[in-house]
Amino acid sequence: MKKRIFITATNTDIGKTYTTKLLLREYASRGLKVGVIKPVETGVVGGVYPDGDLLLALVKELNPLMQDLRVEDIVPISYELPAAPFIASGGEKFDISKVLQAIKKVEALCDILIIEGAGGLYVPLEKYFAIFDLIQELEASVLLVTHCSLGCINDTLLSKKALENAEVPHTVVFNCRSSESNFDTVSKPYFEAIDFPLLKISSDIDTLCDLLYNLKK
């Protein structure tokens, strides 16, 4: 099994695709053959994959072995409704075999596989099977992407606690946007008080990639 890094977040629209693209570029710059999978994407209408199309274009740019892949190869499951996959699918069973087949195909072409999730850890894929369960099935290390706005303390610590309780190897990165400029005054002091690592995707990509690559499953 190749090195697998699963990108999840504290919620939707936190910056998973942005982070995934940065990781792909950084690992490729180190001479690694990169691959990417997004197991499921919702909001796919008329053959347009909002995230999948971007990821496919980038991985083809970075890894010539990916040239013959189609978007369906890296996004094996998709739905039109922009909602949790369980809801978007109408409650149908999540076909993990499709995900495993896609991973097998892409891993044959890469040294390191970045897997981008949907929403946060407890987004349901079926009634009693969530992104969190998929992570454990895939035996991947995890990067938890969190935000920097008010509420990030609670959101970050809840998700991190879930990963710790399940003994999932992970690290956390903050995606601080220009609209979240109050982080230094309203949230950062607490993280500093508990000695919480304050890695930022915008400035610590090199350190982050080292940490993720060396996480042991």
In the Gaussian network model of the chain, springs joining C-alpha atoms below 10 Å, which of S179, S159, S89 carries the largest mean-square fluctuation? S179
Which whole-Hz couplings ³J(HN,Hα) result when phi for each residue of the range 176-192 is put into the Karplus expression 6.51 cos²θ - 1.76 cosθ + 1.60, θ = phi - 60°, listed in order with x for Gly and Pro? 8, 9, 4, 6, 10, 6, 8, 3, 4, 9, 9, 10, 4, x, 6, 4, 5
Pop out the ³J(HN,Hα) list for the range 101-117 in order, Karplus 6.51 cos²θ - 1.76 cosθ + 1.60 with θ = phi - 60°, rounded to Hz; leave Gly and Pro as x. 5, 5, 4, 4, 5, 6, 5, 5, 10, 9, 9, 9, 10, 9, 10, 9, x
If the cut-off is 18 Å between C-alpha atoms, which lysines fall inside it for K16, apart from same-chain ones fewer than 8 positions away? K38, K160, K200
Under a 5 Å amide H to amide H cut-off, with H placed in plane at 1.01 Å, what residues pair with V123 once short-range neighbours are removed? I131, F132
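Which loop GluC sites (Glu not before Pro) in the range 35-103, with loop taken from DSSP, have no more than 14 other Cβ atoms within 10 angstrom of their Cβ?
Working: sites: E41, E61, E72, E80, E92; in loops: E80, E92.
Here the GluC sites (Glu not before Pro) that fit, given the DSSP loop and packing criteria, are E80, E92.
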Using modelled amide H (1.01 Å from N, peptide plane; none on Pro or chain starts), what sits under 5 Å from the amide H of V44, excluding residues fewer than 5 places away? Y79, E80
Using Cα positions and a limit of under 12 Å, work out the aspartates and glutamates in reach of K104, with same-chain residues fewer than 8 apart set aside. D73
Please determine, in degrees from 0 to 90 and to the nearest 10, the orientation of helix 16-29 with respect to the longest principal axis defined by the Cα atoms of the chain, where the helix direction is its Cα long axis. 80 degrees
Each residue of the range 157-169 in order: what ³J(HN,Hα) in whole Hz does its phi give by Karplus 6.51 cos²θ - 1.76 cosθ + 1.60, θ = phi - 60°, with x for Gly and Pro? 5, 5, 5, 5, 4, 4, 5, 5, 4, 8, 6, 8, x
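Rule-based calculations on the coordinates, nothing more; no lab input. These numbers were taken from a predicted model, which means no experiment stands behind them. Virtual Cβ from ideal backbone geometry, glycine too; neighbours counted across all protein chains shown.
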